[in-house]
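Visitor: If you scroll down you'll find the structure; I have some questions about it.
The values are calculated or read from the model by the stated rules, or taken from the named source; none is laboratory data. These figures come from a predicted structure and were not determined experimentally. Counting neighbours? That spans all protein chains shown, and the Cβs are built from the backbone with ideal geometry, glycine included. Just so you know, the surface numbers come from the protein's heavy atoms only, side chains and all, with ligands and any DNA or RNA stripped out. Shrake-Rupley method; radii C 1.70, N 1.55, O 1.52, S 1.80 Å.
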Amino acid sequence: MDSKARSTSLQTLLSYDDIEPLCTWQREDAQDVLVIHLPEFKKEQLRVQISNAGLLKISGEKDTDSKKRTRFLKEVKVTKHYDSNNIRAKFSQGCLRITLPKIVVTQPSMAEIPLAVVTPSLQNGRSDSINMNEKTYIPNIKTRVGHVLKSKTFTRVVVNVGFASVVAFSVYSAYKYWSLYVKTD
């Protein structure tokens, strides 16, 4: 009981300065990095925790003098776009760098989308039955069209076809105009 009374009396004697450290985000394709500038703190005075609810808590506390302490608390909601199992923190040169890797969403490739193959065999008295056992794959139509429309080759083809159409129409118009007004015997 004596230790509780001592800690309670110590807490009444201590005062806290709550600070808000400078925080910056570095956004990248594969990850985001939260940089917290803490030039007066040491690694042992910092704490980084993530809850099951996806709340990242960064806190720190240090002695300023015998009766005063400096502390901070920063909370960041970790959305479902981040891989919360691979969040990493590193403290060096007065900066705490917390790396939040993004979950990479990949579209299925050709090898991942099955295709039913029509085989000319007789099964149950019918020809051209569908055989789902063969491993032939093609991407679905939306994936194929999306890749084609985003490609540079498709853009070049469309521009070249448009240019050729304009040239052909111009030549045809010039020929018609020339043949109307110029008489040849």
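Table: residues versus (1) among the charged types (D, E, K, R); (2) within 22 Å of the chain's Cα centre (by Cα); (3) at pLDDT below 90.
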| position | (1), (2), (3) |
| --- | --- |
| 1 | no, no, yes |
| 27 | yes, yes, no |
| 52 | no, yes, yes |
| 63 | yes, no, yes |
| 75 | yes, yes, no |
| 84 | no, yes, yes |
| 101 | no, yes, no |
| 104 | no, yes, yes |
| 108 | no, yes, yes |
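Visitor: So residue 44 fits all but one of (1) in contact with a strand residue (DSSP E or B) (Cβ under 9 Å, 6 or more places away or on another chain); (2) acidic (Asp, Glu); (3) open to solvent by 80 Å² or more (accessible area, probe 1.4 Å); what number is the exception?
Guide: Condition not satisfied by residue 44: (1).
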